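The values are calculated or read from the model by the stated rules, or taken from the named source; none is laboratory data. Remember, it's a predicted structure, so these values are computed and weren't measured experimentally. A quick note on method: Cβ atoms are made from the backbone with ideal geometry, for glycine too, and the neighbour counts reach across all protein chains shown.
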């Protein structure tokens, strides 16, 4: 990373010695983890405020799941995400991002005060880069190979880490060609997105190859199936595996971690930063006097 410092929204991060914790808040009835628990507007707003109280640096708001499911129109998606932005923007200086694959939704939420667009479909629609460039936001480009909400059966790669890295490098250049400044691009290898468990484990093991591209790397590993299948654990019993994956990803260069269990992950991340010498202990007392 040429300059590890990044101004994102109202926050400034030094990614040479700092990891940003991104909380997930979905206004969807069918997300794979929360299963609609924050679908109602009041619940979503409460979840944002709780995440910030638990020291999240960033909140990612979603209105349409990545995976297949019932159709959600553009109007419905806007009705889900815009009221959350409107309700919380004046209450926090945390970074606010919106996960969407629709350029017009990106335009509308950036105008409403969102700082970042999280595009889990890998710039499948190049106009997304235009929308972000026009709106002055940052852009997260995740690796995926399918069209939005279309499953891929038995995905295959010649070399998953090399293929993902080449894809992200190409799409980042396309975004810059369409006007997104280099220092506003973040990349995400897309754990489990059109990948099986072996693919996601290898990506984690070799994440330093993705980090070598020089853009800040975001990882979304929280409670993913690759963790559940590794441990044979159900959806709501994957916290320990998530924490291990988060720490390994940090050691391999990840600087933004997208998670459900904010308080636990913040503790793991801050401890990792202290071990690496990036931050002092908050309350050193043991054998100090």
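Some values worked out for this structure:
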quantity	calculated
Residue in the range 115-123 that is over 16 Å from residue 98 (Cβ atoms), assigned to a loop (DSSP other than H, G, I, E, B), touching a residue at least 40 places away in the same chain (Cβ under 8 Å) and in contact with a strand residue (DSSP E or B) (Cβ under 9 Å, 6 or more places away or on another chain) present	yes
Residue among 185, 140 that is modelled with pLDDT of 95 or more, touching a strand residue (DSSP E or B) at 6+ places or on another chain (Cβ under 9 Å) and more than 19 Å from residue 61 (Cβ to Cβ)	185
Residue in the range 33-42 that is at pLDDT below 95, within 25 Å of residue 19 (Cβ to Cβ) and in contact with a strand residue (DSSP E or B) (Cβ under 7 Å, 6 or more places away or on another chain) present	yes
Matching entry among 132, 81 (being surrounded by 21 or more Cβ atoms within 10 Å (Cβ to Cβ) and either modelled with pLDDT under 95 or farther than 21 Å from residue 40 by Cβ (or both))	132
Count - residues of the range 52-90 that are closer than 24 Å to residue 266 by Cα and without any contact (Cβ under 8 Å) to a residue 24 or more places away in the chain	2
